[in-house]
Structure formats: C-alpha cells, structure tokens
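Engineer: I am attaching a structure below and will ask some questions about it afterwards.
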Amino acid sequence: MATLIAWFDELAASDTATAGGKGANLGELTAAGLPVPPGFVVTADAYLAAMEEGGVRDELRTGFDEARARADDPAALAEAAERLRSLVRRAGVPGSLREQVLGAYRRLGDDVPVAVRSSATSEDTAGTSFAGMHETFANVVGGDAVLDRLVDCWASLFGERVIAYRAGRGLTEEPAIAVVVQRLVDAERAGVMFTADPSTGDRDRIVIEAAFGLGEVVVSGQVEPDTYVVAKPSFQVRQVRVGHKAHKLTGAPDGIVARVELPDVEADARVLRDEEVVELARLGARIEEHYGAPQDVEWAIAGGETYVLQARPITTLDRPAPAEEEPGRDGEEGEGGGPTVLLRGLAASPGLATGRVRVLRSPQDGHRLERGEILVAPMTNPDWVPTIRRSAAVVTDGGGMTCHAAIVSRELGVPCVVGARTATTALRDGELVTVDGGQGVVYEGEVGAAAVAATTTVAATTTAAAATATAAAAPAPPPVVDGGEALATRIYVNLAMADNAEEVAARPGIDGVGLLRAEFMITDALGGVHPRELLRRGGRDEFLDRMSASLLRITRAFAPRPVVYRTIDFRTNEFRGLEGGERFEPVEGNPMIGYRGCYRYIREPDLFALELELLARVREETPNLHLMIPFVRTAWELEACLEAIDASPLGRSRGLLRWVMAEVPSVVYRIPEYAAMGVDGVSIGSNDLTQLMLGVDRDSTVCAELFDESDEAVLDAIARIITACHDAGITSSLCGQAPSNDPSFAEHLVRLGIDSISVNPDAVPAARRVVATAERRLLLDAVRRSGG
C-alpha cells in the first residue's frame, strides 16, 4: 500500500519519487543531525491517489501534454493552465487522506503555525530546481487552513510558469507533487547560502545573502539583500555588501504574513556579524560535505538558534557557459576607447546576448516581449518564467544572485543581471544593448565577445557598483567593505572653477562633484562678458569652445565619477555687472526670489538651448557629466524645461541624469510629480531653502542672526524631501557646509537616509569624519535595538 504521510525522520535523499526533492532532502538533513524544524510530507502518491479518486488523473495527464506543446503561446498557455488547476480543485482532498493530514498536523502541536511547501518529484534535484515556481505558504494556522493550502500546492503543479519551465527543460513525465508541512520558524533573520559561487562556479567561495524577517524576501527578490562572501577552507570573510532591505515579512498571530516597512536606518543596517557569517559558512560546508556536492541552502535565525529550512544541489555549476556570439559592431566608445557601459548590477547568470530592450512592469505584460528581446523588469518572480524563456537576457532593478530570476535564468542558460537599480528607467524600449551576465554589465549597442573581454576590468568586490551613468541616478549602494572604513553616504564636492579640478580630483575620499556652479565658469571662461552680449557680437562658437574647454578639465579629472552641472542660475543683480549686462538684466527689488532659475530658461529658450548644446558636446567625450536645474518653483515650468532638454541633442544622450535643486519649499509637495516627469535626483540647496522657509534674505546683514539651517522648520522640510525621494525611488543629496560644520546636522541627514552630501573641497575631511561617526552611531543603535 502506498505511503500517504511520511515524517522527516522516515525519509532519505533517495525518496524523491515519494516525498519530492524538498521533502527527501529535509529527511536526509534530519538524519544527518542538522538543525531542521520538525515536519511531515504529504507524499506524491497521496496526490496521485486523490486525483485518481476524484476522477481527473487521466484528464490532467492529457491536458498537461497539450499545455506543454503550447508553452510559447502566452494566451493559450494561460487558458490551458487554468483549466488544469480547476480539475485539481474539483478533485480536492478525499476523506481518508484528510483525516491522516489533520492527525499529523496535531502531532506538531495545537494549532501550531506551520509552513506548507510544495515539493515536486523533479524539484530540488541535481538537474532542476523549480526555484519558487510551486506555491509555498508561511504562517499557516489551523487544520482547515492546512488542508486549503495543501490543495493550493497541488494546483500550483499546473501554473503557467511551471508548465513553461517543464517545457524548457524537456520534462515530459506525468507531473506529481508532494507537500511539506513543517513547523514554522518565525525568523528574525533569514536568507540563502550557496556553498559555491553560483555566478562564476568558483567552489572556493561561499556566498550568503541575508535579510530581516522571513527569507521569502530574499528568494523572491523582494528586497536587495546583504551579500557576504566567505573563502574556503579558511572561512575568512572576504567581501561584505550591505543591501537596502526596504521591508521584512513576519508571521502575525492571525495566521497571515505581515509586511513591515523598515526605516532607512534599519533597512541599511548589516544583517549578520562576521562571526555569524562564519558560523553559517561552516554549517554550509558541513551540508556540502554530507552530500558530496555544492548546495543551495535556505536558513533562518530565531531566538539565537540557526535552522536549516532546505538544501538542494546547485543546478548550474557544471553547465557550460552559453556559446559566445560572433563578434559584432562595438557600441560607441566610452572611457578608454571601450564600449559604453549603460548599467552595472550583480552578475547573476553568465553569457553574452544582444537584443532590443523590452521594459515590462508585470508578468501580465509578458505577451509584449518578442522572442530574442532583452527583458527589463523591476523584479522578476516565478510568474515571469514563460517570458524569460523567450528572452535573450534579463536585467532587473532589484534582487540578489540567489533570487528566483537569477536561479531560473542560470538554469535556462539566459544571461542575467540583477540589482541594477535603475534598469527600468535608464533603458528604453527598442534600444539595442548587449548584456554580459558574467560581469553584471549592460553595454550600449551590439558588442562582441572580444570587445567585452578587452574592457572587463571591474574588480570582483564591486559586483554591485553603479555605472558612470548610474552612479548619481539613484541611491548609490553602500561601498563594499573589504578592510578599512567605507561610508554608505557619498561625499561629493562643490566646484565653481576649472583651475584646481585636477588637484581636487586627486584627493582621497571624494566620490564626485555634487554641485558644479555654472555662473563662475561663465564669468571666468567668457572674460567677464555677459553671455548674451557675446552672442550679440557673433560669438556663439566662442561660447561653446571656451565653456567646453573649462568643463572638460573638470569632467576628465573626475571621470568616471559623476559631475552634476547646475545650469546657469542667472540672478539679475549679479549679471548686470558683466560687460553688456545692463542691456539684458532688469532691475529688481528682490532678485533672490526674482527672475532666475527654471523660469528664466522658459523665457529665454535660445540661451538655454545653447547651454544644452554645450553639455551634449562635453558628454560625447565624458559621459559622467549630468544636469541639474535650479530654483524650480512650479510643475508646469519644470515640465516645459524638461521638454526643451528632451528636444535637444543632450536629451538624446543615453544615461543622462536629470536632477533638480530643492530650494523652493514647494518642492516638498512636488517630488512625486517631478519623479513621474523623469527627474532622477533632488539636491537640497540649504541656503535658498532656509531663506525661503524662514523668510530671511540670505544676503541681509540686518537679519543675519535669523538665518539658521538647523531651525526645526528647515530640518522638517529636509526630512520630508529625503523621505519623498526615497518613496519615489530617486536619489537625495544636499549641497552646503552645514554637515561639516555641525555634527548634529550631519547625523540628522544620515539618520534620514540621505544618499550623498556635497561640500567645499576643504571641508571633505571634516565631512567624512562626522558622517562616519554618525553612521557608526546609527548602526550601533540598530544593533542594540535588535538585541544583537
């Protein structure tokens, strides 16, 4: 008689046909004395018997063959899959099996929370993983709920993603599934561990990804996890990359899984201490030794104890890399004459592929992707599998190298780059790109293997570093920690002249130029002549030549670090003093809030167009130059300004970042709208913001004592700006001296999660010291709160 219920301690790795890959491995781990939470398996025989008793088994077998043959037709596949799932639900759980399942559940405890997890008979074996494709449910409480989730797991055997995966892997046998019921570990921290590097195949490295709460956020790619790399056999921690874990999942008393949003200071806190990383790595090595092969291990920590939730073979290490494409036309030259890098992320699945970009927001849009296009998505979960199968490569904003997108891409042999952060905004539909999944790089245009090999100079420790065009686009990832101190908050400099650019750029600890003021450069480069006067004299080419020469001195010196150029912020009182200025500058009673900034560009589009042409010329040689628009008052004027940019040669420059200054209090309310217009970042101009928040002319000597950047109203406005930027997914910065002059101000910014601070060059050492102190204090506070 077939076994319908089997406990972990009754199973071994050889019982895959009965308990499925997950169930058999949990039995093997239990027998080996590893810390596995107790549980049982509703076997594959129980599933087949239920379908037989329900009169649908033959219909399911025939229907599966038909659905598999239509796997490349999204609409037909969806229809067939839904019909198969309906058959499973119609059969349900027969009475005799129902009683056995409820009896086993009661043995685990009275209404004890459990995880109900699918365990297909082809799952978690040496050739296939079915990573995350079948249903899994956490925090299931009560017998009726367990039975409901059991049927849900059975039905997931015929999900669209599963059928497509089976078709892609050539799996033709009758599908069968077991279901694991396991006491839930209410994890404080959890994640995934690979006992060999899955992206490179290096068996001398252990890769651990970790997040707060339940581990589903890691395996599904919901957050950007921490990544730890440990050397074997020394068990030394070689690399640490701290991710932004925006939320966590935790079990709630009512049997649901609650999503808890994390404040930035917790989201950016390190999940594991070095000693915990080493302990996990040793546990992974022990599991690998037991199986005799590298393993993919899910783990959790609760109440000071570490648990093993799953182990399975890494399915991609011995698979040869995809064949290299014939060398083709390289993309436009970037730094050093190589192809232009558009994005960098985590190398998730090796291989080189060229194709047209297709940006999709949800799996339901998958029908829009034509075979051979590059799938670009915010995140991919298993629902994307049918689309991934048709894609030439995959690029995602989020996720780590152990998320579903990475695992499935590796198994299907599709190059994949994950964690690129701004892929869905930096890449555009129809754009021709080349994806190097082995290095985590996206190049512009068609780039052959030889060109890629010649330009591959990225260090292994910077797997998540942003590309030149991306470094300032979104909150930059915290630097890799590999000895010595590194800051999560970028320290930029403010510059106004080109004279000392080379010397400043050579100083240590500077991450780029956060504010390049155009006004001083104009005065210097044009010899004190008003730019309109120069144009009146026929000096258009002279303007472009002089200004581009000054700009290139700066952008070359700092390359590939970003240089954020603030367009000319004409204030009438200052520019009337230039030669010929009286012809063009009106007399105003209060020029600080007068004819300046974004509004002036709309009123004088010809001069703004010339400035945009200048920037386009400089970006042809140094694509690390980006644009910032000052003194934006209203949405309509910004929209008009952005339209002018898009219509100019600069607007066609790939990777250009569009920032705005936050100087006018209205920006506090407008950031979501500005982000929707395509703004990539906001830089807080604390001087102008303070004068407008407090109603104090910053040039007034009479009211000077009222001018206070640390006033509570100003700080509240800054907090709202930073929070709104994070919510909108764009970067936040501040240019001013207050962070280096006032440690409490710096700590306030760091606590709010600001991404960068820009100060005068001589203030960089002080700024780094106060920011480092603030970051250490916040991390210590987070550890204390977590009880670590």
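Engineer: What number of residues within the stretch 553-599 are of a type outside the set (K, R) and within 32 Å of the chain's Cα centre (by Cα)?
Structural biologist: 12
Engineer: Now for a separate question. Residue under question is R421, and the condition is that it be among the charged types (D, E, K, R), open to solvent by less than 20 Å² (accessible area, probe 1.4 Å) and either at pLDDT below 85 or more than 19 Å from A449 (Cα to Cα) (or both); does it hold?
Structural biologist: The answer is no for R421.
Engineer: Could I ask something else about it? Among the residues of the stretch 214-235, what is the count of those that are outside any strand (DSSP E or B) and either of a type in the set (K, R) or touching a residue at least 24 places away in the same chain (Cβ under 8 Å) (or both)?
Structural biologist: Residues flagged as outside any strand (DSSP E or B) and either of a type in the set (K, R) or touching a residue at least 24 places away in the same chain (Cβ under 8 Å) (or both) within the stretch 214-235 amount to 15.
Engineer: Considering (1) crowded, with 21+ Cβ neighbours inside 10 Å; (2) part of a helix (DSSP H, G or I); (3) touching a Pro at 6+ places or on another chain (Cβ under 8 Å); (4) not charged (D, E, K, R), say which one A285 fails and leave the rest.
Structural biologist: Every condition holds for A285 apart from (1).
Engineer: Next up: Give the number of residues within the stretch 754-780 that are open to solvent by less than 30 Å² (accessible area, probe 1.4 Å) and part of a helix (DSSP H, G or I).
Structural biologist: So the answer is 11.
Engineer: Tell me which of these I491 doesn't satisfy, since it passes every other one: (1) assigned to a strand (DSSP E or B); (2) modelled with pLDDT under 55.
Structural biologist: Unmet for I491, out of (1) assigned to a strand (DSSP E or B); (2) modelled with pLDDT under 55: (2).
Engineer: Could you please find all residues in the stretch 743-753 being open to solvent by less than 10 Å² (accessible area, probe 1.4 Å) and either touching a Ser or Thr at 6+ places or on another chain (Cβ under 7 Å) or farther than 18 Å from P263 by Cα (or both)?
Structural biologist: Of everything in the stretch 743-753, just one residue is open to solvent by less than 10 Å² (accessible area, probe 1.4 Å) and either touching a Ser or Thr at 6+ places or on another chain (Cβ under 7 Å) or farther than 18 Å from P263 by Cα (or both), namely F745.
Engineer: Only one residue in R540, R536, R532, R571 is among the basic types (K, R), surrounded by fewer than 16 Cβ atoms within 10 Å (Cβ to Cβ) and farther than 23 Å from E620 by Cβ, so which one is that?
Structural biologist: R536
Engineer: For the list (1) over 22 Å from E10 (Cα atoms); (2) open to solvent by 60 Å² or more (accessible area, probe 1.4 Å); (3) assigned to a helix (DSSP H, G or I); (4) of a type outside the set (S, T, N, Q), I need the number of the one condition that R98 fails.
Structural biologist: Of (1) over 22 Å from E10 (Cα atoms); (2) open to solvent by 60 Å² or more (accessible area, probe 1.4 Å); (3) assigned to a helix (DSSP H, G or I); (4) of a type outside the set (S, T, N, Q), only one is false for R98: (1).
Engineer: Something else about it: On the given criteria, is V260 open to solvent by 10 Å² or more (accessible area, probe 1.4 Å) and assigned to a strand (DSSP E or B)?
Structural biologist: Yes; evaluated as a whole, the condition is true for this residue.
Engineer: Sticking with this structure for a sec: Going through the stretch 161-207 one residue at a time, which ones are within 18 Å of A405 (Cα to Cα), open to solvent by 10 Å² or more (accessible area, probe 1.4 Å) and either in contact with a Pro (Cβ under 6 Å, 6 or more places away or on another chain) or at pLDDT 90 or above (or both)?
Structural biologist: If the condition is that a residue be within 18 Å of A405 (Cα to Cα), open to solvent by 10 Å² or more (accessible area, probe 1.4 Å) and either in contact with a Pro (Cβ under 6 Å, 6 or more places away or on another chain) or at pLDDT 90 or above (or both), then R161 is the only one that fits.
Engineer: Now, a different point. State all residues of the stretch 266-282 that are under 30 Å from C725 (Cα atoms), part of a helix (DSSP H, G or I) and open to solvent by 30 Å² or more (accessible area, probe 1.4 Å); if no residue qualifies, say none.
Structural biologist: E266
Here is a yes/no grid of residues against (1) more than 33 Å from the chain's Cα centre (by Cα); (2) at pLDDT below 85; (3) not polar (S, T, N, Q):
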{"residue": "R517", "(1), (2), (3)": "no, no, yes"}
{"residue": "V529", "(1), (2), (3)": "yes, yes, yes"}
{"residue": "E533", "(1), (2), (3)": "yes, no, yes"}
{"residue": "R536", "(1), (2), (3)": "yes, no, yes"}
{"residue": "R546", "(1), (2), (3)": "yes, no, yes"}
{"residue": "L551", "(1), (2), (3)": "no, no, yes"}
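Engineer: Oh, and also: Which of the residues belonging to the stretch 579-616 are surrounded by fewer than 18 Cβ atoms within 10 Å (Cβ to Cβ), charged (D, E, K, R) and in a loop (DSSP other than H, G, I, E, B)?
Structural biologist: Passing the criteria: E588, E604.
Engineer: Got a number for residues in the stretch 198-213 being over 20 Å from the mean Cα position of the chain (by Cα) and in contact (Cβ under 8 Å) with a residue 24 or more places away in the chain?
Structural biologist: 6
Engineer: Looking at R106, R83 in this structure, which one is in a helix (DSSP H, G or I), among the basic types (K, R) and under 30 Å from G366 (Cα atoms)?
Structural biologist: Being in a helix (DSSP H, G or I), among the basic types (K, R) and under 30 Å from G366 (Cα atoms) holds for just one of R106, R83, which is R83.
Engineer: Determine which member of the set A17, A2 is open to solvent by 30 Å² or more (accessible area, probe 1.4 Å) and in a helix (DSSP H, G or I).
Structural biologist: A17
Engineer: Give me the residue from the stretch 48-75 that is closer than 16 Å to V385 by Cα and open to solvent by less than 10 Å² (accessible area, probe 1.4 Å) and, out of that set, farthest from the chain's Cα centre (by Cα).
Structural biologist: A67
Engineer: Among V618, V679, which is the only one that is more than 28 Å from G538 (Cβ to Cβ) and not small (G, A, S)?
Structural biologist: V679
The values are calculated or read from the model by the stated rules, or taken from the named source; none is laboratory data. Just so it is clear, the structure is predicted and the values come from calculations on it, not from any experiment. FYI the Cβ positions are ideal-geometry reconstructions off the backbone, even for glycines, and counts take in every protein chain you see. To get the accessible areas, we keep the full protein, side chains included, count just its heavy atoms, and leave off ligands, DNA and RNA. Shrake-Rupley method; radii C 1.70, N 1.55, O 1.52, S 1.80 Å.
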